[in-house]
Amino acid sequence: MTKEDLTGHPEGQGGQEAEFRRLYDTVFPILFRVAYRIAGSGEAAEDLCQEAFFRLYEKNMVFPSPDEAKYWLIRVVKNAALNYAKRKVRERKAYQKAFREDARVAETGEQQLLKKESQDEILKALERLPENLRIVLILKEYGELNYKEIGRALGISEGNVKVRVFRARERLAGLLAEDSSHVS
C-alpha cells in the first residue's frame, strides 16, 4: 500500500510537493483575507497563514480531499487569528495601564475621506458583534466562502450558517444605525 499525500492521492501521482503547492496557491488568499480581518494586521495575517501551512506540511497530514485540507486550514487560521487578536487587546490594555495613556483615537476630522470613515465604522461595528456572528460574516464577506464551505469550516450546518449570517447582518445594520444616530 502506498502512502497518500495531502489530498488522498497516492504519492506517485503528481507528487506530494506539487499537491502541496497547488493547495497553497489555491487556499492562501482565502486564509489571508480571513486572518487579516480578524487580526487587523497584514504582517500578522501572513505569519498566521504561513504557520498553518507549516503545521500541515510538518505533520504530513492526510485528507480525503483538497476541500478537507482547506477547511482544516481555515479552522487553524481562524483560531490562531482570534488568539492573536485577543493577545493584542490584552497587550494594549496592559500598556495603557502601565503608562496611563489615553485610549481614545485622535479624530482627523475633514482630512478623512468619507469612504475611509465608512469602512472604519463598519469594522468597529463588526468587532462589536458576538464572536459566532462575527466569524461567519468574516468568512462570508472577506473569505468569500459559500454557506456550505463556512459550515464545513466551522463544523455547523449550512442552515445554521445562513441564520447566523442573516442575524449578523441585521445586528451589524442595527449597530451602524445606532452609531449614526449619535452623530450630530
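Laboratory data are not the source of any read-out in this text; all were calculated from the coordinates shown. Note that the structure is predicted; figures quoted are calculated from it, not measured. Neighbour counts are summed over all protein chains in view; Cβ atoms, including those assigned to glycine, are modelled from backbone coordinates with ideal geometry.
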Which net charge results when you count Lys and Arg as +1 and Asp and Glu as -1 among the other residues whose beta-carbon is under 10 Å from that of Val76?
+2
Per residue of region 57-71, in order, report the coupling 6.51 cos²θ - 1.76 cosθ + 1.60 (Karplus, θ = phi - 60°) as ³J(HN,Hα) in whole Hz, putting x for Gly and Pro.
6, 4, 7, 6, 6, 10, 10, x, 7, x, 4, 4, 5, 4, 5
Region 113-184: Rg to Rh, with Rh as the Kirkwood radius over Cα pairs:
1.04
Report ³J(HN,Hα) in whole Hz for each residue of region 129-135, in order, from the Karplus equation J = 6.51 cos²θ - 1.76 cosθ + 1.60 where θ = phi - 60°; Gly and Pro get x.
5, x, 3, 5, 7, 4, 5
